[in-house]
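Working notes, structure below.
The values are calculated or read from the model by the stated rules, or taken from the named source; none is laboratory data. From a predicted model like this one, the values you see are computed outputs, not experimental measurements. Note that each Cβ is placed from the backbone with ideal geometry, even for glycine, and that neighbours are counted across all protein chains shown. For the accessible areas, the whole protein counts, side chains as well, though only heavy atoms, and no ligand, DNA or RNA atoms are used. Shrake-Rupley method; radii C 1.70, N 1.55, O 1.52, S 1.80 Å.
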Amino acid sequence: MKIVLKNLTKVFTNKKTKSEVRAVDNLDIEIPDGKLVGLLGPSGCGKSTTLFMISGLQTPTSGQIFFDDMDVTMLAPEKRGIGLVFQNYALYPHMTVRKNILFPLENMKISKAESEKRTLEAAKLVQIDALLDRKPSELSGGQQQRVAIARAMVKNPNVLLLDEPLSNLDARLRLQTREEIKRIQRETGVTTIFVTHDQEEAMSISDFIVVMKEGVVQQVDEPQTVYDDPANLFVAKFLGTPPINVFTGEIKNHKVIINDEVVMDTEFEDQLIYVGIRPEGFIVDNHGKFTCELRQVEIMGRDSSIISTNPACEKPTIRSIVDADVKIPTSGIVKFNLKPNKVFLFNRETEVRLGREITPVPSQNEEE
């Protein structure tokens, strides 16, 4: 089922002070049928509020919500054909797994035989059919989350909504459970919206991601496209592990300058800029144009992480990722050339990305 949000806005008003908070601001996106879409952003960006409006748990201040061609903006949650999974599982502790999964069907006038059949199918889908007679207290966190997903899926929903479903799990279970969510979505083909503040989660399982900040959509695209082609500085910073390195710089005479060094040519006119360089965008070169002071080198199997500093960097240290077999100085300075497709230029005032066409200044080795 396709989901369309048209100019969706949610404003919360403080009853005492009458001050307003615009949690979601004029959201206008389309979620394709059968896709898994991640709503991604920091706490307070409006992603959960958006999910709750889609579910019907919150009413928009303005705007519309469509499921295919049906306007569901004011439709009750139980009539929307959704499955909703919360962060805290919300299981009934006195009920068995079987009864927790079956519970949503009790008010749907479905026969007992059909309800039992659906319950078993849902349990098998999330691979907990051997646990049906246990209570939630007898399950691990990952198993409890699977019960919550099975309970949402047992209604055969047209839309599955997941609100931070992995945040209460440890690292190993997070990885395992997100793989399971991807598998379940692929097997069922149900349109799924996954809310998270964890960019690694969103990028690993989503067909598309919607990056939000302060209630406003910043960028919508396939995860790798957003990483490779960020629309603004916020998006560039939010995606990537390790995070992007950001420097104050300027453009003079079509040259990109960082800390008085010309590091690249550019088509853009003179202006003050931020220069974002992905950790994998550095090339160690004794004749490189970009100079940093070496702090330490961390060997990480196939890669080496170079920790260095530069006065123009907004953070105390720069992290550069290179192949482990690259020869790196043991102390003093380290010189780099930069990979053009891993460098992004942003207007310093608006923080909007200038463009894509930038070419590196050749090193002395290349000139030779």
Filter result (modelled with pLDDT under 85 and not aliphatic (A, V, I, L, M)) within the range 331-368: Gly355, Arg356, Glu357, Thr359, Pro360, Pro362, Ser363, Gln364, Asn365, Glu366, Glu367, Glu368
Pairs, first among the basic types (Lys, Arg) in the range 184-211, second surrounded by 21 or more Cβ atoms within 10 Å (Cβ to Cβ), C-beta under 9 Å, six or more apart: Arg186/Leu36
Tally, over the range 17-30, of residues that are open to solvent by 80 Å² or more (accessible area, probe 1.4 Å) and without any contact (Cβ under 8 Å) to a residue 12 or more places away in the chain: 4
Listing of strands (runs of 3 or more DSSP E) fully contained in the range 260-325 that carry 2 or more residues being within 28 Å of the chain's Cα centre (by Cα) and among the small types (Gly, Ala, Ser): 303-309
Looking only at the range 250-270, and only at residues there that are out of contact with any His (no Cβ under 6 Å at 6 or more places or on another chain) and either β-branched (Val, Ile, Thr) or crowded, with 21+ Cβ neighbours inside 10 Å (or both), the one that is modelled with the lowest pLDDT: Met264
Residues that are touching a residue at least 24 places away in the same chain (Cβ under 8 Å) and either closer than 14 Å to Val334 by Cα or buried (at least 16 other Cβ atoms within 10 Å of the Cβ) (or both), drawn from the range 300-310: Ser304, Ser305, Ile306, Ser308, Asn310
Of all residues making up the range 132-159, the number that are touching a helix residue (DSSP H, G or I) at 6+ places or on another chain (Cβ under 6 Å) and modelled with pLDDT of 95 or more: 2
The range 192-244, residues that are under 19 Å from Ala23 (Cβ atoms) and small (Gly, Ala, Ser): Gly215
Within the range 69-117, considering residues that are of a type in the set (Gly, Ala, Ser) and surrounded by 13 or more Cβ atoms within 10 Å (Cβ to Cβ), the one farthest from the chain's Cα centre (by Cα): Ser115
Residue list for the range 219-245, restricted to those being open to solvent by 50 Å² or more (accessible area, probe 1.4 Å), out of contact with any helix residue (DSSP H, G or I) (no Cβ under 9 Å at 6 or more places or on another chain) and part of a loop (DSSP other than H, G, I, E, B): Glu222
Strands (runs of 3 or more DSSP E) contained in the range 1-51 and holding at least 2 residues within 14 Å of the chain's Cα centre (by Cα): 36-40
Residue ID - farthest from Leu51 (Cα to Cα), chosen from residues in the range 1-16 that are of a type outside the set (D, E, K, R) and open to solvent by 50 Å² or more (accessible area, probe 1.4 Å): Asn14
